[in-house]
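Down below is the structure, laid out as structure tokens.
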Amino acid sequence: MIEKNEVLQMLDNLEQEVLKLEKKLESQMDMEKLKVTRQVEMDYYHLERKMALLEEKVNKSVSYRMLQSFA
């Protein structure tokens, strides 16, 4: 027969394991958040750069300058 102390010890061990797993999961989630944040920042930077290049091309365009002179 299992004694009360043994059951309490098993419960305590299970609780410790659950806490370890929660910490591990939290750590993994934090790493994923960081990875996603970095990717979003890089994507945003690339979009800004593309927009700047397109704006530069438009400003250099002869037809765009002609339209500005008519305005």
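Read the figures in this text as sums done on the coordinates, not as results from a lab. In this text, all values refer to a predicted model and were calculated from it rather than measured experimentally. Virtual Cβ from ideal backbone geometry, glycine too; neighbours counted across all protein chains shown.
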- [ ] Using the Cα centre as the reference, give the magnitude of the dipole from point charges on the C-beta atoms of the stretch 4-70 (Lys, Arg: +1; Asp, Glu: -1; all else neutral), rounded to the nearest 20 debye.
- [x] 660
Open item on the list: Which one, Asn5, Tyr45, Leu25, is farthest towards the positive end of the dipole of the chain when Lys and Arg carry +1 and Asp and Glu -1 on their Cβ?
Closed with: Tyr45
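Tell me the net charge near Gln39. Cut-off is 14 Å between Cβ atoms, Gln39 excluded, with +1 for each Lys or Arg and -1 for each Asp or Glu.
0
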- [ ] Only helical DSSP H runs with n ≥ 4 go in: add -39500 (n - 2.57) per run for the chain, normalise by residue count and round the 222 nm mean residue ellipticity to 500 deg cm²/dmol.
- [x] -34000 deg cm²/dmol
Open item on the list: At 37 °C and a viscosity of 0.692 mPa s, what translational diffusion coefficient does Stokes-Einstein give for the stretch 4-70, taking Rh as the Kirkwood radius over Cα pairs? Give it in µm²/s as a whole number.
Closed with: 192
